[in-house]
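Everything on this sheet refers to the single structure shown next.
The values are calculated or read from the model by the stated rules, or taken from the named source; none is laboratory data. Quick caveat: nothing in here was measured; it's all calculated off a predicted structure. Positions of Cβ are generated from backbone atoms using ideal geometry, with glycine treated the same way; all protein chains shown enter the neighbour counts. Just so you know, the surface numbers come from the protein's heavy atoms only, side chains and all, with ligands and any DNA or RNA stripped out. Shrake-Rupley method; radii C 1.70, N 1.55, O 1.52, S 1.80 Å.
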Amino acid sequence: MAGKNHVFLIATLLSLLVSSVVAHGGKQVGVTYDERSLIINGKRELLFSGSIHYPRSTPDMWPELILKAKRGGLNVIQTYVFWNIHEPEQGKFNFEGPYDLVKFIKTIGENGMFATLRLGPFIQAEWNHGGLPYWLREIPDIIFRSDNAPFKHHMEKFVTKIIDMMKEEKLFASQGGPIILSQIENEYNTVQLAYKNLGVSYIQWAGNMALGLNTGVPWVMCKQKDAPGSVINTCNGRHCGDTFTGPNKPNKPSLWTENWTAQFRVFGDPPSQRSAEDTAFSVARWFSKNGSLVNYYMYHGGTNFDRTAASFVTTRYYDEAPLDEYGLQREPKWGHLKDLHRALNLCKKALLWGKPNVQKLSADVEARFYEQPGTKVCAAFLASNNSKEAETVKFRGQEYYLPARSISILPDCKNVVYNTMTVVSQHNSRNFVKSRKKNKLEWNMYSETIPAQLQVDSSLPKELYNLTKDKTDYVWFTTTINVDRRDMNERKRINPVLRVASLGHAMVAFVNGEFIGSSAHGSQIEKSFVLQHSVDLKPGINFVTLLGTLVGLPDSGAYMEHRYAGPRGVSILGLNTGTLDLTSNGWGHQVGLSGETAKLFTKEGGGKVTWTKVQKAGPPVTWYKTHFDAPEGKSPVAVRMTGMNKGMIWINGKSIGRYWMTYVSPLGEPTQSEYHIPRSYLKPTDNLMVIFEEEEANPEKIEILTVNRDTICSYVTEYHPPSVKSWERKNNKFTPAVDNAKPAAHLKCPNQKKIIAVQFASFGDPLGTCGDYAVGTCHSPASKQVVEEGYL
């Protein structure tokens with residue numbers, strides 16, 4: 001083993017701008033800022049923030065999610081405000097249950113954390129219609145996000161309502177509450193040019209309108225170089241330490257409102273990854289270059305319940321965040337970032353009050369350091385931009401080893417307490433475990449009635465968004481065709497072909513009540529598609545029925561009010577008389593499914609129809625139902641949709657979102673197979689699950705699962721620094737917290753569980769990832785026994 005890096009790895013199962021500062025009893029209360037940072041209640045602060053969106057989880061999950069974020073070293077929670085869930089119909093508001101914004105903000109404050117409120121009210125966020133309510137499209141002469149009187153009227157009215165709610169509950173920091181920042185608009189620079197001068201005047205109006213609401217805390221605009229007045233322009237992206245051009249005024253601080261912890265996924269995507277090491281590198285670089293706030297987008301992505309996901313976006317959202325969809329800690333990302341926050345806090349005094357300097361140590365390595373002249377206050381960041389090779393460099397007379405593309409943090413300009421590339425925290429892997437309770441589900445089915453001839457109300461097929469008005473994903477289209485026997489081709493195996501050109505998003509077709517044997521869909525990149533398949537026509541009247549389907553409304557881009565979807569051309573090919581264009585043939589429409597109207601997904605609605613036992617695969621457009629008991633324990637719950645194709649799932653009458661198993665990624669696997677069932681949706685026994693399936697399917701292989709991250713691992717080499725917990729500040733002095741700081745492997749089970757078995761241990765050069773490690777070319781046979789003696 002001489003000459004090799006020894007690795008020990010074990011795996012176990014299991015100029016000051018004041019924003020209305022108020023004095024309370026001689027103490028400053030409120031938020032100000034200068035060129036270095038936000039100043040909260042009179043103190044400069046380093047801020048580590050994470051996005052957690054209240055409607056993407058359930059109220060019973062909020063306290064634990066926020067507490068895990070705090071334990072991960074965060075001191076701020078950021079959330080959007082979702083206009084379309086709060087005002088789904090003009091003038092009718094909903095702030096109940098998972099939409100209780102006030103309760104969510106109060107929960108943040110109760111945990112001793114700050115909050116950032118991103119009002120938008122356009123938010124994008126891969127959320128249906130970018131958060132704008134559908135009824136806004138129907139306001140006469142409206143142009144979204146422009147210097148347009150109707151849009152500005154409704155935008156200001158909603159924003160003012162939210163601000164007034166927050167003020168009434170005393171939730172702004174200027175009132176002693178947790179909200180330290182608010183955001184108006186969202187990444188407007190990406191579309192501003194499309195609106196020309198109306199874009200420039202709109203963004204100035206939006207910023208000044210917000211400032212006029214007098215919240216007592218600063219306002220921000222993300223990715224907005226011309227943010228007006230005292231509004232702070234902020235950065236969004238993966239590497240703002242290198243891409244941000246800086247605040248647009250010298251008295252504004254550098255704030256990073258979105259550091260993308262992975263990438264949102266759409267149906268058809270392969271897995272999205274961003275390593276803990278890359279995320280940590282970007283954050284360390286940001287703070288080394290005068291940054292004072294970073295927000296992880298997302299820290300917990302959660303679930304797009306019901307129909308809240310934007311076009312083609314999966315029901316699971318940012319699952320690769322530090323807290324996964326189920327709220328479980330994803331390691332090493334959660335732990336590695338926690339260690340980073342601790343390391344940066346050890347540098348806090350130097351970063352907030354020190355003088356910045358830069359020193360070149362080699363062609364690819366630089367030192368950025370902050371120190372207060374005449375004191376011992378000093379913190380350094382040694383950054384290697386060499387992406388291929390490690391380097392050893394000298395800084396202030398001492399040698400330091402830097403892995404490729406990494407940053408080492410030295411809170412005293414001497415001792416390395418953290419390196420972005422060397423992960424000291426433990427790893428884990430996620431397990432989906434079949435519930436021990438009865439999992440052979442008994443299924444019944446009810447087939448949706450396929451309309452043959454709806455009343456003709458238009459010569460052309462109508463547009464889907466305008467028909468559905470965001471109340472359903474589905475619209476039936478019908479037309480008829482009279483075929484003369486002489487039009488039919490008499491040669492065998494040569495049938496006419498139905499062709500439908502659609503602007504999106506998906507479609508199932510029937511002729512004379514029979515499924516034609518094919519469906520089609522677009523994608524998030526290209527919504528349009530063409531459905532074509534041979535059909536059996538008969539002499540005389542034939543009925544053509546199309547089920548047009550939406551997979552969410554658009555969430556981004558200019559002129560969103562002018563987006564359209566649905567059939568734009570229908571024809572029959574292969575007749576003796578040539579191609580027959582049915583586009584202007586006269587069409588009838590039915591908005592929504594009869595099962596939706598009857599609420600078959602509820603116990604009461606399901607009792608209105610006769611269900612039959614599932615014997616084999618059911619036909620398209622069929623409802624399925626079963627009952628199941630809540631799985632044992634307290635672990636999160638999911639359903640794996642094996643055997644199904646595309647549709648929606650309800651649990652005890654509540655939709656848990658769209659599923660799509662047949663839209664596979666380039667890797668040949670569904671983008672998402674498991675779907676989150678919140679524990680709060682379940683009763684102890686007799687839970688009703690209802691599924692609407694658009695295509696032919698068999699539900700018999702569906703499984704109820706529990707979810708855990710009980711497989712934990714540790715991976716350490718002699719080149720790893722000691723854990724950052726080995727250091728502390730006492731009486732403003734940087735000192736060791738242990739007698740002998742050195743690299744070590746540590747394991748701790750989540751949720752007070754105990755280690756019950758050691759699956760793998762190797763001292764040598766093991767290969768693989770957590771849950772799938774293997775012995776390399778060098779290995780000590782005693783490794784497993786040593787670990788078992790230490791942990792069991």
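Odds and ends about this structure:
- Selection status of residue 122, within 30 Å of residue 657 (Cβ to Cβ), in a loop (DSSP other than H, G, I, E, B) and in contact with a Lys or Arg (Cβ under 7 Å, 6 or more places away or on another chain): yes
- Residues satisfying the stated conditions in region 632-648, i.e. closer than 26 Å to residue 329 by Cβ and touching a Phe, Trp or Tyr at 6+ places or on another chain (Cβ under 9 Å): 635, 636, 637, 638, 639, 640, 641
- Within the option set 717, 769, 777, being open to solvent by 40 Å² or more (accessible area, probe 1.4 Å), of a type in the set (Val, Ile, Thr) and under 29 Å from residue 324 (Cα atoms) holds for one residue only, 769.
- Hits in region 75-97 (condition: touching a helix residue (DSSP H, G or I) at 6+ places or on another chain (Cβ under 7 Å), over 28 Å from residue 557 (Cβ atoms) and surrounded by 17 or more Cβ atoms within 10 Å (Cβ to Cβ)): 77
- When 522, 517 are checked against the criterion of being in contact with a His (Cβ under 8 Å, 6 or more places away or on another chain) and at pLDDT below 95, 517 stands alone in meeting it.
- Yes/no for residue 470 being acidic (Asp, Glu), at pLDDT 95 or above, outside any strand (DSSP E or B) and on the phi > 0 side of the Ramachandran plot: yes
- Condition check for residue 581: under 18 Å from residue 456 (Cβ atoms) and either open to solvent by less than 20 Å² (accessible area, probe 1.4 Å) or not hydroxyl-bearing (Ser, Thr, Tyr) (or both): yes
- Scope region 586-628; condition open to solvent by 40 Å² or more (accessible area, probe 1.4 Å), touching a Ser or Thr at 6+ places or on another chain (Cβ under 7 Å) and in a strand (DSSP E or B); matching residues: 591
- Which numbered condition residue 137 fails, given (1) more than 30 Å from residue 46 (Cβ to Cβ); (2) assigned to a helix (DSSP H, G or I); (3) open to solvent by 40 Å² or more (accessible area, probe 1.4 Å); (4) of a type outside the set (A, V, I, L, M): (3)
- Enumeration of residues in region 629-645 that are in a strand (DSSP E or B) and open to solvent by 10 Å² or more (accessible area, probe 1.4 Å): 640
- Considering region 661-672, the residues that are open to solvent by less than 30 Å² (accessible area, probe 1.4 Å) and among the hydroxyl-bearing types (Ser, Thr, Tyr) include one that is nearest to residue 313 (Cα to Cα), namely 671.
- Region 411-438, residues that are among the aliphatic types (A, V, I, L, M), part of a loop (DSSP other than H, G, I, E, B) and either over 18 Å from residue 281 (Cβ atoms) or open to solvent by 40 Å² or more (accessible area, probe 1.4 Å) (or both): 421
- Residue match in region 263-278 (condition: open to solvent by 20 Å² or more (accessible area, probe 1.4 Å), assigned to a loop (DSSP other than H, G, I, E, B), closer than 25 Å to residue 344 by Cα and of a type in the set (Gly, Ala, Ser)): yes
- Scope region 448-475; condition surrounded by 15 or more Cβ atoms within 10 Å (Cβ to Cβ) and closer than 30 Å to residue 627 by Cα; matching residues: 448, 450, 451, 470, 472, 473, 474, 475
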